[in-house]
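Just below is one structure, and these are the notes that go with it.
The values are calculated or read from the model by the stated rules, or taken from the named source; none is laboratory data. Predicted, not measured: the structure shown is a model, and the values here were computed from it. Glycine gets a Cβ as well: all are built from the backbone with ideal geometry, and neighbour counts include every protein chain shown.
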Amino acid sequence: MTKTVLGIMGGSGVYDLPGLVNTRSKRIHTPWGEPSDELGFGEIDGLPLVFLPRHGRGHRIGPSQINYRANIDAMKRAGVTDLVSVSACGSFREELKPGTFVIVDQFIDRTFAREKSFFGPGCVAHVAFADPISPALADEVEKAAKLEKLEHQRGGTYLVMEGPQFSTRAESHLYRSWNCDVIGMTNMPEAKLAREAEICYATVAMVTDYDCWHEDHEDIDIKVLLQTLHDNVDKATRLIGRLASDMPREHSPCSVGSDTALDIAIITAPEARDPELMSKLDAVAGRVL
């Protein structure tokens, strides 16, 4: 059975984990370009961890400029089997107040300016994505949140907007009418690419504000948002530390097929595949090619 390697995609503040040993940093080059930053490596109680700040250290890269393909490819090359996204979000629900963690189970992708697949002309593939979150990994995240007594909700729909601007009030009310729970700018195409790379994926969406729909709360204030985000870092650190301590050391097969997504996904006949693209897929699709 495959050994578990836990990847964490998020802000650099959540990487200062108690019990993290054997730490090192390494730049991993990919055929898709450069990842957002060096990858950080370490262990907690014998479990290998890999960290990547998706915006780069110092938050240098905007959500539309992130090289999502390079980030996921680098995680795959680092051996990551299970990837947890930690990201700030706005809330569309009264009960999901700032400080709440939402372990989402669905996405609506409203982004339009990003490369969303490793595949394309020369090698076409269609992966199943009805269930974008790996249930067993979400179970482990939820268990850690309960043990750390963090206010959280299991389940919810995350609308991913392009950004970098926040919503108009009309958009905010529209997304609420779609029964979305939270809104953010970074989990797409990250989740789609993780599925193509056969990495199990789960999201912890950390609520920082009520977007701009709530009449009893001021519209998004960056200073308030950053303070709430700062307050969330300690809770996120506790969550990740607990997750790493308790997570199974053997990676079990995913019930929704996250880790076997390419078994029947590649449509292009072998003799029609583009050699240049195939060489770039060595890490992502090497298991089936």
Discussion item. When you check V141 against the structure, is it closer than 22 Å to D82 by Cβ, surrounded by 19 or more Cβ atoms within 10 Å (Cβ to Cβ), among the β-branched types (V, I, T) and touching a helix residue (DSSP H, G or I) at 6+ places or on another chain (Cβ under 7 Å), yes or no?
Written reply: yes
Worksheet item: Does G19 qualify as being within 22 Å of L137 (Cα to Cα) and modelled with pLDDT of 95 or more?
Response: no
Practice prompt. Please specify each residue of the stretch 48-96 satisfying the condition of being in contact (Cβ under 8 Å) with a residue 60 or more places away in the chain, over 17 Å from the mean Cα position of the chain (by Cα) and part of a loop (DSSP other than H, G, I, E, B).
Written response: F92, R93, E94, L96
Response to the item:
In the stretch 267-289, residues that are surrounded by 13 or more Cβ atoms within 10 Å (Cβ to Cβ), under 11 Å from G122 (Cα atoms) and hydrophobic (A, V, I, L, M, F, W, C) total 2
Worksheet, complete the sentence: If we keep only residues of the stretch 35-47 that are touching a residue at least 24 places away in the same chain (Cβ under 8 Å) and farther than 17 Å from G10 by Cα, then the residue surrounded by the most Cβ atoms within 10 Å (Cβ to Cβ) is I44
Worksheet item: Looking only at the stretch 166-208, which residues are over 17 Å from V84 (Cβ atoms), among the acidic types (D, E) and surrounded by fewer than 24 Cβ atoms within 10 Å (Cβ to Cβ)?
Response: E171
